[in-house]
Every structure is written in structure tokens, then in C-alpha cells.
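Inspection log for the structure reproduced underneath, given as C-alpha cells.
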Amino acid sequence: MSMPTKKAGDKIEICDLIRQAGIVGAGGAGFPAHVKLSGKADVVIANGVECEPLLETDRHLLLREADRVIIGLKASMKAVGAESGVIAVKRKHSDIIRLLEGLLQNTDKIKIFELDNFYPAGDEHVLLYETTGRVVPMGGIPLNVGAVVSNVHTLALIADSLEGKSFTHRYVTVTGEVNRPAVAKVPIGISIRDAIEGIAGGACSDRFSVIVGGPAMGKLENDLDKPVVKTTGGIIVLPGNHKLVEMKTQSLETAFKRARSVCCQCNFCTEMCPRFLLGHKLQPHKMMRLLPVTDGNIDHGSVYSAALCSECGLCGYYSCTMGLSPNLVNGFLKDVMGRNKI
Ligand code: SF4
Ligand code: SF4
């Protein structure tokens, strides 16, 4: 009679504890952590690079719970059978690097990887390439190239789950036009309004807008009674007439009309697209050129490459000299494709 190996038992046990604790990717993706760890990989990368500007959530978590992150990373390595781990942080965060160096001096299986300060350093495809040189295939996931990428907050929660603790609290940055920008660990379920008032002393004026998430990938939220959820890493308060608010409230119809009339096909959006730079067949300038032909019609096969877009927003908020929004167009096409099960 063959007995189950200890390793298999460990994997099942770890994944089960994580599932029971209700842990999903706390970096914003919200993917169930136990599913991510159900495959096999040779490296696990802890994503602590704090992708979006303004947010300080990962940094504060690492300063307070770096030891928990390492426990979660080791458990994740065990679950997927990985021999090595990497903790990726930005070079500018020398305080975190010193802290981690102290905690990791007795292990050679986990390395610290320092990244420059660029966006979107935290996109898992970009991070994986920077740390290992591996390129995730188009439409694929890191497991396809033997890797798992997990946010540092998720890893700290995994450490909690091994002690039977559920995912009930998380770190949130509240910043922007508030009286006291701050990061705090709050119960899941408190309202956005209470988070703004309780953590940051309230908004500086009566007329403000709120972005939940980071400035680039976050979404505008009008209902401040909505709760902080497991994926809420940031709450940004901005004046109602801020350029970012204007861009995020732009209707698709307007985005389409502006693209048709002023896109000069300069190609900057494609040249700076992080997924294009990784070799993926995503060329936002071509999507803008196709608009008059397709009119948002997903039967036109060429629009399928929009599915490769991470919606990082770089093309719309930074690259385009004409103030156009290829990211919005791609997001729309992805949404339509999703609803049509393409
Ligand atoms: S950067 Fe702007 S103007 Fe240039 S091709 Fe892209 S969408 Fe068109
Ligand atoms: S949002 Fe723009 S820059 Fe970012 S991946 Fe999509 S097309 Fe590329």
C-alpha cells in the first residue's frame, strides 16, 4: 500500500487552510490564492513593488509585517514545489531592503530583487520579466513559465491562514485631497466614507471625487457607502474638476469620436505599451486606426488583440500626445468580448 508523500500532504493542507481563510489576491486582482498555488512552479515572486503612484500600502505592510511575508512566501514555495523565492521591491525603498536583508541572512533560497522606480513595475508580466527574464506567453499566466507571482499582502495573509486566521482586515492607503494622508489596517466592510474620515481626517473640501485603487487603474466611485473590500488597496480623494476625474468620466462615445477625429497614428501608445514591449501582439495605435472600420464591432477579428491589454492606462494617461484613451477603447472591447464569451 502506498502512503501519500509528505510533500503532497503539505500542499493540500496549505491550499486548504488558504481556501478556508478566504484569501484572494490582495494586490487588486482578487484571484483565489489557493487556486494560484494549486499548480507547479520553480520560483515564487513576492510582488512588493507598489505599482501605482501615490499608494504606500505594500511599503507599510512590509515595514510592519515583513516576517509574515517571508512565512507566506516559504509556504507558497512549498505548495508549488519551488526551490527559490524572490522578494521584489523598488530600489528607492532602502528601509525595506535593509529590513529584509536582516531577516533573510540565514536563507539562500530567497533573494531580494531591486527594481527601478517605473510604472507598471507591478504588472506580473513585467515583474516576471524583470526578475527572471521569462516572458509569459500571449494570453497566458506566469504558471505557463514555471512561476507564481503573489502580492506581499497576500503572502502575509497566507501566513495568518496557517494559524487559522481568516482574511478580515487589510491595509489601505487614503490619500489626495484629505487632511491627513495615511495608511491603516482596517476591517473589511467599513464604508469608503468611514475610511476617508477615520484614517485621513476627511476630505479637504466638500466637492470631491473618489478613485478606489490607484490613479491609473483605479475606478471612480460615487457611492461612498460602498464597503472597503478584500482588493481595496487605495482610496484617492481628488477635486471634482481634476484632469484624471475628467478622463475617467469620459464616455465611450466621446472616446471613439475623439479617436476617429484626432488620432495621428504617431505610434507612441504602442512604443510605450509594456505588453507590446514584451513581444505581445498588442498595438493600441492599430486599434485606434480600426475604430472607424469596426465601430466597436467585435466580429472584426483584428480587435481580439485587445484581450492582451492589462489596462495599465499608460497609453491614455501618459503616452498619447493628443489626450486620447486607447486604454478605454481596449477596456470596452475586452468587456464586450467577455460578455460574448470570446
Ligand atoms: S499615441 Fe495617441 S495619437 Fe498617437 S497613435 Fe496612439 S492614440 Fe493615436
Ligand atoms: S492600457 Fe495601453 S499601454 Fe497598457 S497594456 Fe493596454 S494598450 Fe498597452
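Considering only region 309-322, state which residues are touching a residue at least 60 places away in the same chain (Cβ under 8 Å) and of a type outside the set (Ser, Thr, Tyr).
Across region 309-322, the qualifying residues are Glu311, Cys312, Gly313, Leu314, Gly316, Met322.
Which residue out of Ser261, Ser305, Ser251, Ser325 is free of Cβ contacts under 8 Å to residues at least 12 places away in the same chain, within 16 Å of ligand 1 (Cβ to nearest atom) and among the small types (Gly, Ala, Ser)?
After ruling out the rest, the residue left standing is Ser261.
Can you tell me which of (1) outside any loop (DSSP other than H, G, I, E, B); (2) more than 10 Å from ligand 1 (Cβ to nearest atom); (3) modelled with pLDDT under 90 is the one Asp299 doesn't meet?
It fails just one condition, (1).
Taking the conditions exactly as written (in a helix (DSSP H, G or I), under 24 Å from the mean Cα position of the chain (by Cα), closer than 30 Å to Arg180 by Cα and at pLDDT below 95), does Leu244 satisfy them or not?
Considered against the rule, which asks whether it is in a helix (DSSP H, G or I), under 24 Å from the mean Cα position of the chain (by Cα), closer than 30 Å to Arg180 by Cα and at pLDDT below 95, Leu244 comes out as yes.
With respect to Asp160, is the statement that it is among the acidic types (Asp, Glu) and buried (at least 19 other Cβ atoms within 10 Å of the Cβ) true?
Spelling it out, Asp160 is indeed among the acidic types (Asp, Glu) and buried (at least 19 other Cβ atoms within 10 Å of the Cβ).
I'm checking my understanding of the structure. Among residues of region 302-324 that are at pLDDT below 90 and surrounded by 18 or more Cβ atoms within 10 Å (Cβ to Cβ), which one is nearest to Met138 (Cα to Cα)?
Ser305
List, please: which pairs have Cβ atoms under 9 Å, are six or more places apart or on different chains, and start with a residue in region 88-113 that is modelled with pLDDT of 95 or more and end with one that is of a type outside the set (A, V, I, L, M, F, W, C) and surrounded by fewer than 11 Cβ atoms within 10 Å (Cβ to Cβ)?
The qualifying pairs are Lys90/Asp116; Arg91/Asp116; Lys92/Asp116; Lys109/Glu83; Ile112/Glu101.
I'm trying to understand the selection: among the residues of region 225-238, which are assigned to a loop (DSSP other than H, G, I, E, B) and surrounded by 15 or more Cβ atoms within 10 Å (Cβ to Cβ)?
Val228, Lys230, Thr231, Thr232, Gly233
Is at least one residue of region 65-76 more than 28 Å from Thr175 (Cβ to Cβ), under 21 Å from the mean Cα position of the chain (by Cα) and among the polar types (S, T, N, Q)?
Within region 65-76, the first condition is being more than 28 Å from Thr175 (Cβ to Cβ), and the residues that meet it are 71, 74-76.
Restricting the remaining residues to those that are under 21 Å from the mean Cα position of the chain (by Cα) gives 76.
After this cut, where a residue has to be among the polar types (S, T, N, Q) as well, the list is 76.
Yes, there is a match, as at least one residue in region 65-76 is more than 28 Å from Thr175 (Cβ to Cβ), under 21 Å from the mean Cα position of the chain (by Cα) and among the polar types (S, T, N, Q).
So the check is Cβ under 9 Å with 6+ separation or different chains; which pairs have a first residue in region 116-127 that's closer than 16 Å to Gly279 by Cβ and in a loop (DSSP other than H, G, I, E, B) and a second one that's within 13 Å of ligand 2 (Cβ to nearest atom) and among the charged types (D, E, K, R)?
Filtered contacts from region 116-127: Asp123/Arg275.
Identify, by number, the condition in (1) surrounded by fewer than 16 Cβ atoms within 10 Å (Cβ to Cβ); (2) outside the structural domain of Ser325 (by TED's automatic domain parsing) that Ser261 doesn't meet.
(2)
Assess whether Asp160 counts as being acidic (Asp, Glu) and closer than 20 Å to Val35 by Cβ.
Considered against the rule, which asks whether it is acidic (Asp, Glu) and closer than 20 Å to Val35 by Cβ, Asp160 comes out as yes.
The values are calculated or read from the model by the stated rules, or taken from the named source; none is laboratory data. The shown structure was predicted, so the numbers you read here are calculated from the model rather than taken from an experiment. Positions of Cβ are backbone-derived with ideal geometry, glycine not excepted, and every protein chain shown enters the neighbour counts.
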